[in-house]
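K.L.:
Okay, here's the structure, questions in a sec.
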Amino acid sequence: MIYEESVNYILNIPKFTSKNEPGHTEKVLEYLGNPEDKLKVLHVAGTNGKGSVCTYLNSMLLSQKKSVGLFTSPHLIKMNERIVVNGQQISDDEFTQSFNTVYKAVKKMMEAGLAHPTFFEFLFGMALVCFDRNQVEYAVLETGLGGRLDATNVIKNPVVTIITSIGLDHMAILGGDIKSIAHEKAGIIKKNVPVFFAETQEESNHIIEETSREKNAPCKKIGKDAYEILGIKDKHIAFSCTSAYYGNTTWSLHNTGIYQPHNALLAMEAMRYVMKEEADIEGWRQALNEVVWEGRMEEILPDVYIDGAHNISAVQAFMKSISCDKKRHIILFSAVSDKDYESMIACLCENQNTDYYVVTQIEDKRAAELDRLLEIFKKYTDKPVYGERNLKKALQKVLSHQEGRSVYCLGSLYLAGMMKRRLHDAGF
């Protein structure tokens with residue numbers, strides 16, 4: 001198939017298959033010749049910050065002159081974004097080649113009476129095929145959902161496992177409380193494989209530490225007292241580490257999210273273990289300073305930011321970040337229907353620096369209804385709330401009221417993707 005046909009085929013997979021057990025993913029990889037067995041895998045799970053940690057790991061590995069494959073989700077504009085080899089998202093030709101390899105294997109599977117891979121399984125298989133073709137040494141893998149039953153969790157011997165902050169999200173699938181969700185995330189912990197995790201709440205910390213003991217997996221918690229934020233200037237956040245290992249080095253990230261130093265330090269500590277005596281601290285510092293993670297407090301126009309915050313814990317972190325911005329604010333918001341968007345909206349409405357709220361509707365069948373979102377905003381704020389179903393008009397409304405204010409767009413990665421596509425198509 002050609003590229004466009006490959007993408008359309010993958011997009012249509014949900015129409016004729018359902019969730020498969022991990023044993024099925026093992027079969028998919030078996031039919032592909034088990035390309036994962038040649039890789040040194042860094043496996044990352046968590047509620048928030050997974051993509052950032054994966055990106056930081058990828059950048060630091062590249063700074064050490066290692067060959068690296070990166071597999072993340074979701075994509076914002078183009079499906080190729082999910083598969084990155086040595087710092088470059090794969091080309092359309094590479095995408096098509098990998099697709100055709102997996103497609104041929106899937107045909108053989110189905111002839112043998114096995115179920116078709118899911119959307120995520122198919123792309124995961126493509127990523128591993130692509131990494132194998134490019135003979136990468138390391139693979140940084142982000143879980144798609146949860147951890148214990150995720151397709152990526154068929155990796156039997158990762159070099160290290162990493163768990164980012166844990167909060168309430170995907171509760172219909174992962175469980176309705178922090179303990180249940182933490183149990184699913186801790187499912188990536190493997191026997192005797194070191195695990196590094198971000199301190200979040202006592203309940204989730206306990207689950208991860210207990211699972212680590214059961215698996216005899218060396219465990220290190222990265223606390224919130226392990227770093228100090230030094231300031232935010234010129235769209236960068238500077239921080240230092242309390243560990244003597246890093247000396248007096250000042251670290252800088254091209255991001256204003258105050259939660260990002262915690263993500264960066266989590267990646268740095270995992271890298272200390274992976275690289276051991278090879279560790280190049282100065283190389284890491286330069287690499288992290290240059291990382292731009294799309295859709296995460298990303299400035300897309302002057303003082304217009306998009307952020308992927310799409311659950312209550314992420315929105316709470318977002319609120320802490322924008323508290324450092326002394327300008328007045330405008331919030332552009334949308335969400336999907338299966339999220340706890342009322343809690344997110346209630347939190348956003350606590351911000352005294354926001355002058356206007358603009359609500360739009362994402363272009364997806366899971367979109368939360370515009371009228372319902374407007375109703376909830378008006379329940380929690382007396383500030384002006386505008387509704388524009390069309391994103392172009394919503395953006396025009398926001399920009400017409402900007403007048404020296406900072407604009408923040410959040411609530412869904414779908415919204416972040418729509419914003420990026422619209423600006424991309426407009427030539428920005």
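The values are calculated or read from the model by the stated rules, or taken from the named source; none is laboratory data. All of these numbers come straight from a predicted model, not from anything done at the bench. Note that each Cβ is placed from the backbone with ideal geometry, even for glycine, and that neighbours are counted across all protein chains shown. We work out accessible area using only protein heavy atoms, side chains counted, and drop any ligands, DNA or RNA first. Shrake-Rupley method; radii C 1.70, N 1.55, O 1.52, S 1.80 Å.
K.L.:
Looking at residue 345, is it touching an Asp or Glu at 6+ places or on another chain (Cβ under 6 Å) and either over 29 Å from residue 81 (Cβ atoms) or β-branched (Val, Ile, Thr) (or both)? Step through it out loud before you land on a result.
P.N.:
Details: touching an Asp or Glu at 6+ places or on another chain (Cβ under 6 Å): no; either over 29 Å from residue 81 (Cβ atoms) or β-branched (Val, Ile, Thr) (or both): yes.
So residue 345 fails the test.
K.L.:
Here's another thing I want to ask about it. Residue check, residue 335 against (1) in contact (Cβ under 8 Å) with a residue 40 or more places away in the chain; (2) closer than 16 Å to residue 257 by Cβ, all met but one. Which one?
P.N.:
Condition not satisfied by residue 335: (2).
K.L.:
What single numbered condition from (1) under 25 Å from residue 46 (Cβ atoms); (2) at pLDDT below 90; (3) open to solvent by 40 Å² or more (accessible area, probe 1.4 Å) fails to hold for residue 365?
P.N.:
Looking at each condition in turn, residue 365 falls short on (1).
K.L.:
In segment 60-83, what residues are farther than 11 Å from residue 3 by Cβ, touching a Phe, Trp or Tyr at 6+ places or on another chain (Cβ under 8 Å) and not in a loop (DSSP other than H, G, I, E, B)?
P.N.:
Passing the criteria: 60, 61, 63, 68, 69, 71, 82, 83.
K.L.:
Here's another thing I want to ask about it. Kindly provide the set of residues from segment 315-325 that are modelled with pLDDT of 90 or more, open to solvent by 10 Å² or more (accessible area, probe 1.4 Å) and either under 14 Å from the mean Cα position of the chain (by Cα) or among the aliphatic types (A, V, I, L, M) (or both), ordered by number.
P.N.:
319
K.L.:
While we're on this one: Pick from segment 269-300 the residues that are in a helix (DSSP H, G or I) and in contact with a strand residue (DSSP E or B) (Cβ under 7 Å, 6 or more places away or on another chain): which of them is farthest from residue 161 (Cα to Cα)? Lay out the reasoning, then the answer.
P.N.:
Step one: filter segment 269-300 for residues in a helix (DSSP H, G or I), giving 269-278, 281-290.
Keeping just the survivors that are in contact with a strand residue (DSSP E or B) (Cβ under 7 Å, 6 or more places away or on another chain) gives 269-270, 273-274, 285, 288-289.
Values: 269: 12, 270: 8, 273: 11, 274: 11, 285: 22, 288: 20, 289: 24 Å.
Among those that are in a helix (DSSP H, G or I) and in contact with a strand residue (DSSP E or B) (Cβ under 7 Å, 6 or more places away or on another chain), it is 289.
K.L.:
Also, I was wondering about something else. If we scan segment 240-251, do we find a residue that is of a type outside the set (Ser, Thr, Tyr), free of Cβ contacts under 8 Å to residues at least 60 places away in the same chain, buried (at least 16 other Cβ atoms within 10 Å of the Cβ) and farther than 27 Å from residue 205 by Cα?
P.N.:
Checked segment 240-251: no residue is of a type outside the set (Ser, Thr, Tyr), free of Cβ contacts under 8 Å to residues at least 60 places away in the same chain, buried (at least 16 other Cβ atoms within 10 Å of the Cβ) and farther than 27 Å from residue 205 by Cα.
K.L.:
Okay, moving on. Restricting to segment 377-414, and then to whatever is of a type in the set (Phe, Trp, Tyr) and under 18 Å from residue 298 (Cβ atoms), can you tell me which residue is most open to solvent (accessible area, probe 1.4 Å)?
P.N.:
If we filter segment 377-414 for residues that are of a type in the set (Phe, Trp, Tyr), which is where we start, we get 377, 380, 386, 408, 414.
Checking the rest, the ones that are also under 18 Å from residue 298 (Cβ atoms) come to 408, 414.
Numbers: 408: 11, 414: 95 Å².
Per the criteria, the residue is 414.
K.L.:
Just to be sure I understand the filter: pairs with C-beta atoms under 9 Å, separated by 6 or more residues or on different chains, first member in segment 355-369 and at positive phi, second member part of a strand (DSSP E or B) and among the small types (Gly, Ala, Ser). Which pairs pass?
P.N.:
Short answer, once both residue conditions are applied: none.
K.L.:
Just for segment 8-37: of the residues that are in a loop (DSSP other than H, G, I, E, B) and at pLDDT 95 or above, which one is nearest to residue 137 (Cα to Cα)?
P.N.:
Taking segment 8-37 and keeping what is in a loop (DSSP other than H, G, I, E, B), we get 12, 16-21, 32-34.
Next cut, at pLDDT 95 or above only: 32-34.
Numbers: 32: 18, 33: 17, 34: 15 Å.
Among them, the one singled out is 34.
K.L.:
Is segment 221-229 home to any residue that is crowded, with 19+ Cβ neighbours inside 10 Å and more than 23 Å from the chain's Cα centre (by Cα)?
P.N.:
Checked against the condition, which is being crowded, with 19+ Cβ neighbours inside 10 Å and more than 23 Å from the chain's Cα centre (by Cα), segment 221-229 yields no hits at all.
K.L.:
Looking at 24, 75, 43, can you tell me which residue is buried (at least 17 other Cβ atoms within 10 Å of the Cβ) and either without any contact (Cβ under 8 Å) to a residue 60 or more places away in the chain or within 26 Å of residue 114 (Cα to Cα) (or both)?
P.N.:
So the residue among 24, 75, 43 that is buried (at least 17 other Cβ atoms within 10 Å of the Cβ) and either without any contact (Cβ under 8 Å) to a residue 60 or more places away in the chain or within 26 Å of residue 114 (Cα to Cα) (or both) is 24.
K.L.:
So, one more: So which residues in segment 212-258 are at pLDDT 90 or above and farther than 18 Å from residue 285 by Cβ, if there are any at all?
P.N.:
Within segment 212-258, 212, 213, 214, 215, 216, 217, 218, 219, 220, 221, 223, 225 meet the criteria.
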